[in-house]
Amino acid sequence: MSQHADSPLPPTRRAFFLAAAQLGLASFATATAAATVIGTRSLGAQPAATRTAAGVALPPMTVYKDPNCGCCAEWVSHVRKAGFVVTVRDTADMSSVKASFGVPSALESCHTARVGAYAIEGHVPADLIQKLIREKPVARGLAVPGMPQGSPGMEQGAPKDAYEVLLFDKAGKTRVFASR
């Protein structure tokens with residue numbers, strides 16, 4: 001049975017081509033090879049939400065980081081251990097990522113994540129991200145500016161720094177969400 005040129009692609013083919021475009025695969029041959037290796041169905045699939053021990057639904061998280069950053073990888077490990085399903089996107093253009101998520105320059109750190117409707121900037125502890133998701137405040141996201149020693153992903157060495165986790169809004173206003 002042939003398909004009319006104006007009719008939409010079947011769902012599996014549509015997902016395949018959408019995923020290929022998202023992956024930046026330049027040619028059909030490259031996309032076909034990728035599908036052979038990882039399976040067509042998994043290409044278009046989004047990670048499902050997981051739940052914490054308390055039953056809180058955790059939306060999937062996407063982390064944007066420099067490919068050479070070790071502390072970012074440690075932070076990703078931290079949030080995965082807390083139950084988040086994480087997709088990592090390595091990029092050298094972190095300033096564009098931060099700008100697209102509305103992260104004020106004063107709050108910047110080394111990596112940026114997106115979880116649900118929220119931006120997560122820097123070494124924010126996973127339990128506070130879970131609290132954010134549970135409480136759903138009107139905000140753009142959470143940030144730990146800089147790279148405080150002792151924060152998740154920065155546990156090496158002593159002494160540990162005291163730091164604040166800041167909730168920030170669309171206007172860039174902040175308030176202390178938690179102190180550690």
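Every read-out reported here was derived from the displayed coordinates using simple, explicitly stated rules and does not represent laboratory data. Because the structure is predicted, anything quoted here is derived from the model rather than measured. Ideal geometry is used to build each Cβ from the backbone, glycine not excepted, and the neighbour counts take in all protein chains shown.
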- Karplus-derived 3J(HN,Hα) from phi for the range 83-100 (6.51 cos²θ - 1.76 cosθ + 1.60, θ = phi - 60°), whole Hz, x at Gly and Pro, runs x, 6, 8, 10, 10, 9, 10, 6, 8, 8, 9, 5, 5, 5, 4, 4, 5, 5
- Once the dipole of the range 50-179 is set up with Lys and Arg at +1 and Asp and Glu at -1 on Cβ about the Cα centre, which of PHE168, SER109, ALA158 lies farthest towards its positive end? PHE168
- Note on the structure: Once amide hydrogens are built 1.01 Å from N within the peptide plane, the residues lying 5 or more places from VAL88 or on another chain with amide H under 5 Å from its amide H are VAL63
- Which order do THR91, THR112, THR174 fall in if you start with the one that has the fewest other Cβ atoms within 10 Å? THR91, THR174, THR112
- Note on the structure: Cβ density ranking, 10 Å radius, fewest first, applied to SER179, SER77 yields SER179, SER77
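Grab the Cα-Cα distance for ASP169 and SER77, subtract it from 0.36 nm times how many residues apart they are, and report the gain in nm with one decimal. Before the final figure, lay out the partial values.
Details: separation 92, 0.36 × 92 = 33.12 nm, distance 2.70 nm.
Going from the current span to full extension adds 30.4 nm.
Could you list, in their original order, any pairs among LYS98/LYS170; LYS65/LYS173; LYS65/LYS136 whose Cα atoms are separated by more than 22 Å? Could you put the intermediate results ahead of the total?
Details: LYS98/LYS170 13 Å; LYS65/LYS173 24 Å; LYS65/LYS136 25 Å.
As for pairs spanning more than 22 Å Cα to Cα, those are LYS65/LYS173; LYS65/LYS136.
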- The size of the Cβ-based charge dipole (Lys, Arg +1; Asp, Glu -1) of the range 77-170 about the Cα centre, to the nearest 20 debye, is 360
- With +1 on the Cβ of every Lys and Arg and -1 on the Cβ of every Asp and Glu, the dipole magnitude of the range 84-135 about its Cα centre, in debye rounded to the nearest 20, is 140
